[in-house]
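See below for the structure under consideration.
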Amino acid sequence: MRHHSPWTPHLAEGAQSPAERLAEALGGDILSGSLKVDDRLPAHRDLAWRLGIGVGSVTRAYAILERRGLVRSVHGRGTFVAARPDQASDQIDLATNMPPPMFSDRALARTLNRLARTIDPRLFNIYPPVAGHLEHRRIMARWLAALGTEAEPERLLLTSGAQQALNVALTVARPHVGYAVTEAQTYPGMLGVMRQAGLEIESVAMDAQGMLPASLEAVLARRRHQRAVVYLTPTMQNPTSATMETARRQDIARLCRRADALVIEDGVYVRERDPARPSLLDLAPERTFHVSSLSKILSPGLRIGVLIPPPRHAGACLPALLASSLMIAPLSYAMMAQWMQDGTAESVRTSLHAEAIRRQDLAVSILGEWMAAPTYHAFHAWLPMPAAQAEEMVGRARMLGVSLPGPHTFSSGDAAARTAGGGTGVRLALGSVTFRTLPEALRRVRQACDLSQAKVSRDTIAIS
């Protein structure tokens, strides 16, 4: 086993405790490859002296990393970097939008061993309540409250991922509306649900903050004899990464209230409390279906979503949820509760937040002006460009060994509804590869962007 004594982590300033900041710094070094498998971490007292923190802080930091499976302790010998599976492949996937893995096989095994000793067997011997066990709903309500979304546990429904929550919300809204409104570029999973429900979709123009109130107002006024359901993602919009400021959110809520429109708010990328950006659930609770999930902020494998409906539609959600016939696996419930109660979930959420910032900073440094500057932190980025160039760029990237989604994947309607700030473009998923692989992937994307621009310019000159 290798020794790594000369190494000292860099602790960033922040409001976190020394133990949390140390765990974040160490975790980043392990995930980026700066610390290799079987490297031995410094002894507790030695590292505490070098960093000027208490020995207890080092002990707690190592314990956090061990819960995540990033390190292993060997009695009498020390703490070592644990083995992790290599994710490298010939084709680099920047199409699948998910956070990087923060749970190793060791962390999962440790959780399962703990659950084997403590789990309530009744979870497996009876059908769970349709909306989830009340105790699990209480745990989820506390988690959401820490992120700035307040809801009584009794009003909250647990679902098998955010997609099911969106399905239930639209199923309940469908009898009360005549058409749907969404951003010009939006989540394709929701577009599929709307089309399956037989709803006509109106596209609303966007800018760097997302849906434009003036464009929404024009649509609602033109179709004032019909009621609308408005679907939008105010925070880290998928795919454009747009995030609304307070005034924009207030304008959207005011317009929806004036037109008596229902709202489906997709909040799956909200990973921190931000009083400056209230949710539409806060601004218009009487008409907003709020959807959240653990997949984007903890782990893609933890398929637990949340639906908070308006009070007058809560009763209709239970039969709609039951009819969808997708129940959360009891083991997922148990793992969620375990991680939220022992601090693992909060540790991973904090680390993923820091990792998102790190990856976004890397993307900006390599892609430069090709990339829309993000104002929030998640694991996707947006490269705005004309449709023809976007098509060319995706093809060039594929030839260079990088997989990207096609530019029309997210289109909700007529191209005339799009604007330069939120029109056509290409989305990059920044969390689907290791940090070690990401710089090369981004350099290839930059090369594809430059080549596509040169190709479109040549074609334009030839046509002229």
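The values are calculated or read from the model by the stated rules, or taken from the named source; none is laboratory data. A quick note: this is a predicted structure, and the numbers were derived from the prediction, not measured. Note that each Cβ is placed from the backbone with ideal geometry, even for glycine, and that neighbours are counted across all protein chains shown. When the accessible area is computed, the model is the full protein with side chains, heavy atoms only, and any ligands, DNA or RNA have been set aside. Shrake-Rupley method; radii C 1.70, N 1.55, O 1.52, S 1.80 Å.
Details
- Gyration tensor (alpha-carbon) shape descriptor, segment 127-237, a/c threshold 1.5: prolate
- For the listed peptides 309-318, 158-167, a ranking on the average number of other beta carbons within 10 Å per residue, highest first, reads 158-167, 309-318.
- For segment 261-397, the Cα-based Rg and Dmax, in that order, read 18.6, 51 Å.
- Computed from the Cβ-Cβ distance with R0 of 22 Å, the FRET efficiency linking residue 250 to residue 272 stands at 0.60.
- Ranked by how many other beta carbons lie within 10 Å on average, peptides 138-148, 279-289 from highest: 279-289, 138-148
- The C-alpha atoms of segment 258-325 occupy a region whose extents along the principal axes are 38, 36, 15 Å, arranged from largest to smallest.
- Leading residue at positive end of dipole, the chain (Cβ point charges), from 244, 203, 101: 101
- For segment 184-260, the equivalent ellipsoid built from the Cα gyration tensor has semi-axes of 19, 18, 9 Å, listed from largest to smallest.
- Each of the peptides 201-214, 388-401, 177-190 was scored by the mean count of other Cβ atoms within 10 Å over its residues; in descending order, highest first, they stand as 177-190, 201-214, 388-401.
- Dipole moment magnitude, nearest 20 debye, the chain about Cα centre, only Lys, Arg, Asp, Glu C-beta charged: 720
- The amide H of residue 306, built 1.01 Å from its N in the peptide plane, has 159, 292, 293 as neighbours under 5 Å, considering only residues 5 or more places off or on other chains.
- Apportionment of accessible area to carbon and sulfur, the chain, percent (1.4 Å): 55
- Point-to-point label distance, residue 409-residue 91, nm (Cα→Cβ direction, 7 Å offset): 1.2
- Inter-label distance for residue 152 and residue 447, nm, one decimal - labels placed 7 Å from Cα along Cα-to-Cβ: 6.0
- DSSP beta bridges in the chain [antiparallel fraction, %, rounded to 5]: 50
- Separation in nanometres of the label points that stand 7 Å from Cα toward Cβ, at residue 346 and residue 322: 3.7
- For the chain, hydrophobic long helices are taken as DSSP H runs at least 27 Å long by C-alpha position along their axis with mean Kyte-Doolittle hydropathy of -0.5 or more; these are 344-367, 438-463.
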